[in-house]
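Colleague: One structure, pasted below without further comment.
The values are calculated or read from the model by the stated rules, or taken from the named source; none is laboratory data. Only a predicted model underlies this, so the values are computations on that prediction, with no experimental measurement involved. Please note: Cβ atoms are built from the backbone with ideal geometry, for glycine as well, and neighbour counts cover all protein chains shown. SASA here: full protein model, heavy atoms, side chains in, ligands and nucleic acids out. Shrake-Rupley method; radii C 1.70, N 1.55, O 1.52, S 1.80 Å.
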Amino acid sequence: MNYDFDTVVDRRNTGSLKWDVKDGELPMWVADMDFMTAPEIREALLDRVKHGVFGYNVVTRDWYDAIEHWWDKRHGFKIEDEWLIFCTGVVPAISSIVRKLTDVGDNVLIQPPVYNIFYNSVLNNGRKVLECPLVFDKHRYYIDFEDLESKLSLQKTTLMILCNPHNPIGKIWGAQTLAKIGELCEKYNVTVVSDEIHCDLTDPGKSYVPFASVSEVCRDISVTCMAPTKAFNIAGIQCAAVCAPNAKLRSLVDRGLNTDEVAEPNSFAITATVAAFTRGEKWLDALRQYIFENKKTATEFLNVNLPCVKPVLSEATYLMWLDCSEVSPDASKLADFARERTGLYVCSGEQYGISGKSFLRLNVACPKSVLVDGLNRLREAVLSYTE
């Protein structure tokens, strides 16, 4: 089947968080795609709607089968039934896990620049954010393991939130790197929560490595948060899973999720998840190719028309991390200027930690015509800003 990613879908006046903007503005900020989800998922949801009864729901056998088969086939990771717990979303899961596995005042280690909601999940629960910034060599990011070990060794450090693949930089962490993280965390009795929501959005030919699949150590000290929502653009349906192979951790996490009332599915969550993981593979592969081409288009455009803005090499996600240090040391001012001057709405990098202050995050999961419009607006904004 040929899938259509070129048609522009009008999302204004639909209650969309992304598109709740002024007329003439072009939102390319939040991690939300502008494509209709896979027709196979839409068909499954229509069939569910036709049934007409939407009472309380349970997690069905086919939900477990769909997730387990997908991770085994696509990612080489065999998951057992008892490891899985349904959750309404990755963010609610992370916040619940922070509350259940740590105490007030504990350090929770994160690696900025990183998904900004990690900060909220830690700070809103009375814990302390402990930053171990990634090192940027002007081309790519890597981990300073000496700094990481120093911070993991602190008595108050009890949890590490890993982003794999890493948002916003699009980094796929390799098996050796993940194994080293696991060894250090085990050494200092630190539990790892691995956010792997972007795992199915790798570039064609690239694959991610599930943290828990790397070694028995990584499996035993970790809890993984996973979902079809980013890859299939169904975040509004609220469907995710927590994978906890360690029975003691799983018991604590399960209690936390149920206490927080985020472990019960709505009438569409199971249907959408099963359809995505059993019928959505061809659509997803076509999507990944389209996003890859969009990233190439954006990179070539910037290299030719705006060489002062440098995209960081990315292997995953549909988010581009743009180094604007040659334009301004404070990209938040540039982002505000771009929105006011051209209507382009992008994320300022400082949201993801102070080390992202001179960066912008650009969402390229949109029809190519929309992307080109956004790139032209960015060019206009930067050239006007530097005059």
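Colleague: Rounded, prolate or oblate: pick one for region 238-277, where a ≥ b ≥ c are the square roots of the eigenvalues of its C-alpha gyration tensor, a/c under 1.5 means rounded, and failing that, prolate if a/b is larger than b/c, else oblate.
Modeller: Oblate shape, in that a/c is at least 1.5 and b/c is the bigger or equal ratio.
Colleague: Within the chain, what whole-number % of the accessible surface is contributed by carbon and sulfur, with the 1.4 Å probe and all protein chains included in the calculation?
Modeller: 49 percent
Colleague: Using a Gaussian network for the chain with springs between C-alpha atoms less than 10 Å apart, which of these wobbles most: 28, 36, 226?
Modeller: The residue that fluctuates most here is 36.
Colleague: With the dipole of region 15-140 worked out from charges on the C-beta (+1 for Lys and Arg, -1 for Asp and Glu) around the Cα centre, which of 63, 122, 44 lies farthest toward the positive end?
Modeller: Result: 122, furthest along the dipole toward the positive end.
Colleague: For the chain, with a Gaussian network of springs between Cα atoms less than 10 Å apart, report the residue from 136, 77, 359 with the top mean-square fluctuation.
Modeller: Highest fluctuation among the options: 136.
Colleague: Please build a GNM for the chain, connecting alpha carbons under 10 Å apart, and tell me which residue among 358, 153, 332 fluctuates the most.
Modeller: Evaluated over the chain, the most mobile residue of the options is 153.
Colleague: Let me spell out the model: positive unit charges on the Cβ of Lys and Arg, negative unit charges on the Cβ of Asp and Glu, origin at the Cα centre of region 158-258. What dipole size does that give, in debye rounded to 20?
Modeller: The calculation lands at about 100 debye.
Colleague: Hey, another quick one. I'd like to check one number: the per residue accessible area of region 140-222, probe 1.4 Å, reported in Å² as a whole number.
Modeller: 38 Å²
Colleague: Would you mind working out the magnitude of the charge dipole of region 34-95 relative to its Cα centre, with +1 at each Lys and Arg C-beta and -1 at each Asp and Glu C-beta, to the nearest 20 Debye?
Modeller: It comes to approximately 160 debye.
Colleague: Could you give the DSSP H helices of the chain that reach 20 angstrom or more along their long axis (alpha carbon positions) and whose average Kyte-Doolittle hydropathy is no lower than -0.5?
Modeller: Helices meeting the span and hydropathy rule in the chain are 368-386.
Colleague: Residues of region 3-47 with backbone nitrogen within less than 14 Å of a virtual label 7 Å along the Cα-to-Cβ line of residue 267, please, listed as ranges.
Modeller: Answer for this model: 45-47.
Colleague: Any idea which of 376, 28, 386 is furthest toward the positive side of the dipole for the chain, if Lys and Arg beta-carbons carry +1 and Asp and Glu beta-carbons -1?
Modeller: Most positive-ward Cα: 386.
Colleague: By its C-alpha gyration tensor, with a ≥ b ≥ c as the square roots of the eigenvalues, how is the chain shaped: rounded for a/c under 1.5, else prolate for a/b larger than b/c, else oblate?
Modeller: Since a/c reaches 1.5 but b/c is at least a/b, the shape of the chain is classed as oblate.
Colleague: Further question: Report the far tail of the P(r) of region 245-364, meaning the percent of Cα-Cα pairs longer than 18 Å.
Modeller: 67 percent
Colleague: Right, next: Once you sort the root eigenvalues of the Cα gyration tensor of region 248-306 as a ≥ b ≥ c, which label holds: rounded (a/c under 1.5), prolate (a/b larger than b/c) or oblate (the other case)?
Modeller: Note, shape of region 248-306 comes out prolate.
Colleague: Skip the ligands, DNA and RNA, and give the accessible area per residue of region 270-387 with a 1.4 Å probe, whole Å².
Modeller: 39 Å²
Colleague: Follow-up question, since we're still on this one. Add -39500 (n - 2.57) for each DSSP H run of 4 or more in the chain, then divide by its residues: what number comes out at 222 nm, to the nearest 500 deg cm²/dmol?
Modeller: Computed mean residue ellipticity for the chain: -12500 deg cm²/dmol.
Colleague: Counting Lys and Arg as +1 and Asp and Glu as -1, each charge on the Cβ, what is the dipole of the chain about the Cα centre in debye, to the nearest 20?
Modeller: My answer is approximately 200 debye.
Colleague: I would also like to ask the following. Once the dipole of the chain is set up with Lys and Arg at +1 and Asp and Glu at -1 on Cβ about the Cα centre, which of 303, 240, 212 lies farthest towards its positive end?
Modeller: 303
Colleague: How would 273, 60 line up by accessible area, probe 1.4 Å, largest first?
Modeller: 60, 273
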